[in-house]
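Readers should treat all values here as calculations from the given coordinates under stated rules, not as data from a laboratory. Note that the coordinates shown come from a computational prediction; the quantities given were computed from them, not determined experimentally. Using ideal geometry, Cβ is built from the backbone for each residue, glycine included, and neighbour counts are taken over all protein chains shown.
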Amino acid sequence: MNASSNAMIDSITSTPSTEGRDAATPVAEPAKSQMAVYSYNAAIAALSSLALAACGGGGGSPSAAAPSAPGGLSATAGVAQVTLAWMASMGATSYTISRATTSAGPFTAVGTATSTSFTDRSVTNGTEYYYILSASNAAGASANSAVAAATPMAAGLSRVQAARVLAQAAFGGAATDIQALQNQPNGIQSWLTQQFAIPVNPPGQLSNVAWLQANNLISVMFDTAGVQSSLWRKLISSPDVLRQRVMLALTDLFVVNTGAIQLTYRGAAVAYYLDQLEANAFGNFKDLLLAVSHTPAMGQYLTFLDSVKANPVTGTSPDENYAREIMQLFSIGVVQLNLDGTAKINPNDPNVALATYVQTDVLNMAKVFTGWKLDATANAFLGASAAADMVNNTSGFDTTEKLVLGQTIAAGLSGEQTLEAAIAILMQHSNIAPFISRQFIQRLVTSNPTPGYVSRVAAVFQSTQGDMKSIITAILTDSEAASGQLLTDPQAGKLREPVVRFIQWARTFQLNFAPSDATAWAKIGDLSNPSTKLGESPLQSPNVFFFFQPGYAPPQTALHDNGITAPEFGITNESSVAGYMNFIKNLIANGIGGVPGNYGAVQPLVNQGGNSAALLAELNVLIAAGQISGTSLNMMQSALDTIDTSTAAGANNRLYAALTLIMCTPEYLVQK
Amino acid sequence: MTKPASRREFLKMAAALSATRFAPPLALNLAALGESAAATATDYKALVCVFMIGGNDNFNTLVPYDAANYAIYAQQRPAIATAMSALTPTLLTPATALAGGEQFALAPALAPLLPLFNGGQMAVLLNIGTLIDPIPSAAAYASAPATSLPPQLFSHLDQRSFYQAEGPIGNTSGWGGRIADMFAAGNGNSLFTCISPNGESLFLTGLNTGTYSISPTGGAIPIQSIVSPLFGSSSCQGVMKSLTTAQRTATDGSLANLFESTYAKVVSRSLLGAQVLGASLPATTVTAFPATTKTNLSAQLSMVARVIAARNASGIGAMRQVFLVGAGNFDTHNAVVTTQPPLLSDVAVSMAAFHTEMNALGVQNNVTSFTVSDFGRTLNSDGDGSDHGWGSVHFAVGGAVNGANFYGMPPVLPPSLATAGPLDVGRGRFIPTMAVDQFGATLGSWFGVSDTDLLTIFPNLVNFNAGTRNLGFMKA
């Protein structure tokens, strides 16, 4: 939090009323020490200094009592090392780190630290280590922290391990992608470093706005198809695959639907919106929220563009739409969360979770989103005002004081200052780290991360104040992402998003449309028809709640009965499974728009050794990261071996049948 | 599972449990009830829920028409009020006028429904919405405990969920499905009990009965690689079926992963459905359904009509069916004047065509369709639209409806911009005076559910006076 935003948030109170209704929220005048306590709980801004100040402000010496147990311990595996990080304990002067090879101990001290990180290099690769630590000061030692575990790796991943990493961090990959990851000196860590270093819009890849302009099609500025083609182009052909994978997750979170945007130049508006997401994908979550909140695409989709302050003469009020959804969907959610993502329950009723905000907060937040207009000075090309940040127009902006989530945004600030202050309040809220972290884990790795996994990533969100690179790294390098547990636990996994399955096919088999070929990319189109296509397509969500919800558990199933969420099952039904299976069969044989996949790399395996075993083994690695069982592969092989491959058509048939079987089997469809 | 000592005792317990709003063990309960109820169904009946997704703007759907209330409406909605002259052709003349003298007109786009209202096949429900307990006034609302109010009022997902489940998000059964649970065993194939051409639906999910999803245009879609040779290979076709439908166990050498087994069950149902229903669907008999696009209501209701026409086909034999159709984009914070009319037109044209088709099939007295939505909207405008509200207006259509009438009371509109009405909790968000539980119980009663069983299916119904639980808009 910088000085100016400190000044804007001039009053902070305790947690607001949680009764879930529109009653007036009692507002206590804050004392300065409450601010510190609140900020400590939120654990966002200037954590340690505020916390220590609060202790000192109490009048006693910080060392009058032993420190509390350290929180947020994370253990990250590297090659021949494990790196630990945790959150500072108030009043601690040192930390003692202990290690065991079982979760129950016995734990033996392996070192001490005075900062909040430690690297253990006395490890054996392939052994799983469990860590705890305690904080101490002159008054004594704290209780032990929660346990964190990691398994240091030998240099170099196996092909199957590398394919699994790429399923989580990318869209799978071709053999060359797997080899490139295996060649990394430090596994996923150095692969991530390399991916983070690729600039936005790498050589040969235009930004979405520039691509629309370069294609010189006036119509693409206002139709929905042009920007859709542009996004498919990036998702399928851009070499910055990690950014593209994160982009897809961001479009799942910050939903817009091009066709529902009532702007003349909606294509340009969405292109600009996508460019803003890309530019900030490896930045800070706060900047993502700020960028999204400035885009005409979101402004119009969630209808705060041209919303104006209450008019006492005509009686109109500010639009509440974005005010509600930026809290409900994009930052903090509707119920209060613990750091590990579990809900806080009303102490008076175990069936009711505590609400995060009340209608009064929505009404006040709605005042923040007034006065926003298209920038009429942006006229470099047709539709440019839709492809530029909105500007705040003082005549429409509500300059009165706003009370949001128990904090006051002072009257008289500009629209820009007010927006910045409102987003700072969201960033300080204790919900944002677990709420966002859990959803990113669900998008990339697994549908049901353990509370420990969520809290480790959320702690990184907090300690880095929302740094996306750190959050992405924490998700993809967590011991749980690479654990054998996810492979064998019958309750673990995630149904691969249909769109990810399609992009995986296109990237693995190098659907080689030229990046500049607008006609070719337009052949993919809208894939959201559930009974004939994927039931899901970027920029085609039926509403801002996306195609499926993070907490969905399909009823009357073993998943539901075991309390397991499976978001992607929200679009999995009798009609859509048939639609997918028919679509993918046709895709595999016929490609897109008459352009088939490039199967050159696997074609030689079709009848290697006189059977289909080698073909299946390779497809199992490339497509399914080795997750198809021997039993299933044997069943496939005996059926495939009945196809005569002596003709080119027969060889193709065996290849197509093998790939169709693999991409339809539940062992592939569930990523583990 | 243990069986209760007697059905009567069990129901007493369930009612007591629902009174305290702890979820009763519905699975046990309804499974036991369903068998006995199903045996008594000898005629065909169907309920068709028409979901206006996003929170339909009720004040531009059923518009105040009497001079006093129209003036308030126009004052609160300076840029988005429908002109009175445009409303005159669709002024509703109920058999019994409202005691307060309030008059209402349908939105012009709803004109296709006017003949149904006038003909006695359409009822209008005034100020209906999600409630746990009756909330008599804005003052009572302000002091109501959180447990007395539907959670997260004014939030789409939460209220959409509560509308269907009568419980908060996380509830995994809806009242359409819970009603269907009681009759599924009386159908020739329980798979074809709860059917949606609009994807998964909480409303249609019971404790034992789930949504069967069909395509609005294609009906039950066959899986090509299982119903015909895969790239010429019948061996591969057979393996495809085994791999995608098998329920694996830990002992067959592969994993018994719950995501995989759940997926395989969906594929199995898809195959069965396409095999039976796919072969049975007749075309519609009237051409009143307008040209269809991807997901609009006319396509969906046309498909529902075809499924109803196939109700007696071999392998189906349906006695009771519950359907859900839905259309989106009703969340008109903006541009309601241009956005809402085509949506309402789709509702009206499709529901009217559907009723015509039911007439053609001779089941117009056996099929009741009704509208629902996330919530109503604010009377007060945000400029060119309105925001999330609470109580709303809904319609029930069919030959078994006691039509040509209003049910319930309209809320008193705020006397001025500065003064809220007695049921107004801010900007013209009106506390409902009829609960979704009462709405559903009235439909359920017509469907053949006993009063006692309705108390189990609708957990909040017990909080409303016995004499008001049936709203009276259905014929006995």
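Give the shape of the range A:64-150 as rounded, prolate or oblate, defined through the alpha-carbon gyration tensor: a ≥ b ≥ c are the square roots of its eigenvalues, a/c under 1.5 means rounded, and otherwise the shape is prolate if a/b is larger than b/c and oblate if not.
Cα axes put the range A:64-150 in the prolate bin.
Below 8 Å between Cα atoms, with a sequence gap of 6+, how large is the relative contact order for the range A:431-482 in percent?
Here the relative contact order equals 36 percent.
Going by amide H atoms built from the backbone, whose H comes under 5 Å of the H on A:Ala69, apart from near neighbours?
Those lying under 5 Å, H to H, from A:Ala69 are A:Ala143.
Running Debye on the range B:389-476 with equal point scatterers at the Cα sites and no solvent, what base-10 log of I(q)/I(0) appears at q = 0.12 Å⁻¹?
Log-scaled intensity ratios, in q order: -0.44.
For chain A, what is the mean residue ellipticity at 222 nm derived from helices alone (per DSSP H run of n ≥ 4: -39500 (n - 2.57); sum divided by total residues; nearest 500 deg cm²/dmol)?
That comes out to -12000 deg cm²/dmol.
Which links in A:Lys523/B:Lys265; A:Lys286/A:Lys367; A:Lys373/A:Lys523 stretch past 30 Å when you go from one Cα to the other?
Flagged as over cut-off: A:Lys523/B:Lys265; A:Lys373/A:Lys523.
What is the fewest-to-most order of B:Ile135, A:Ile475 by other Cβ atoms lying within 10 Å of their Cβ?
B:Ile135, A:Ile475
Can you tell me the relative contact order of the range A:494-671? Whole percent, Cα pairs under 8 Å, sequence separation 6 or more.
The value is 22 percent.
Determine the shape class of the range B:224-273: with a ≥ b ≥ c the square roots of the Cα gyration tensor eigenvalues, call it rounded for a/c under 1.5, and otherwise prolate if a/b is greater than b/c, oblate otherwise.
oblate
Mind checking which of B:Ser386, B:Val276, B:Ser298 is farthest towards the positive end of chain B's charge dipole, using Cβ charges of +1 (Lys, Arg) and -1 (Asp, Glu) about the Cα centre?
Projecting each Cα onto the dipole axis, the largest value belongs to B:Val276.
List the residues, sorted by chain then number, that are 5 or more residues from B:Leu230 or on another chain and whose placed amide H is less than 5 Å from its amide H.
B:Cys236, B:Gln237
Enter the mean number of other protein chain beta carbons within 10 Å of the beta carbon of each residue in A:227-240, as an integer.
Neighbouring Cβ atoms belonging to other protein chains average 0 per residue here.
Quick check on chain B: helices-only [θ] at 222 nm, where DSSP H runs of length 4 and up contribute -39,500 (n - 2.57) each and the sum goes over total residues. Nearest 500, please.
-10000 deg cm²/dmol
If one computes the Cα centroid of the range B:135-165 and of the range A:528-585, what distance in Å separates the two points?
29
Give, to the nearest whole percent, the P(r) tail of the protein assembly as shown beyond 40 angstrom, counting all Cα pairs.
When every Cα pair of the protein assembly as shown is considered, 48 percent fall beyond 40 Å.
Out of B:Pro415, A:Ala651, A:Ser190, whose Cα points farthest toward the positive end of the dipole of the protein assembly as shown (charges: +1 Lys, Arg; -1 Asp, Glu; placed on Cβ)?
Checked the options; the winner is A:Ala651.
By the gyration tensor of its Cα atoms, with a ≥ b ≥ c the square roots of the eigenvalues, what is the shape of chain A: rounded for a/c under 1.5, prolate for a/b over b/c, or oblate?
Since a/c reaches 1.5 but b/c is at least a/b, the shape of chain A is classed as oblate.
Mean separation of Cα pairs under 8 Å and 6+ residues apart, divided by the residue count of chain A: what relative contact order is that in percent?
Relative contact order, chain A: 14 percent.
Around A:Val335, which amide H atoms from residues at least 5 apart in sequence, or from another chain, sit under 5 Å from its own amide H, with H modelled in the peptide plane?
Result for A:Val335 returns A:Thr356.
What's the exposure ranking of A:Ile345, B:Ile316, A:Ile261, going from fewest to most Cβ atoms within 10 Å?
Least crowded to most crowded, the residues run A:Ile345, B:Ile316, A:Ile261.
Only counting other Cβ atoms within 10 Å, I'd like B:Leu455, B:Leu106 sorted with the fewest neighbours first.
B:Leu455, B:Leu106
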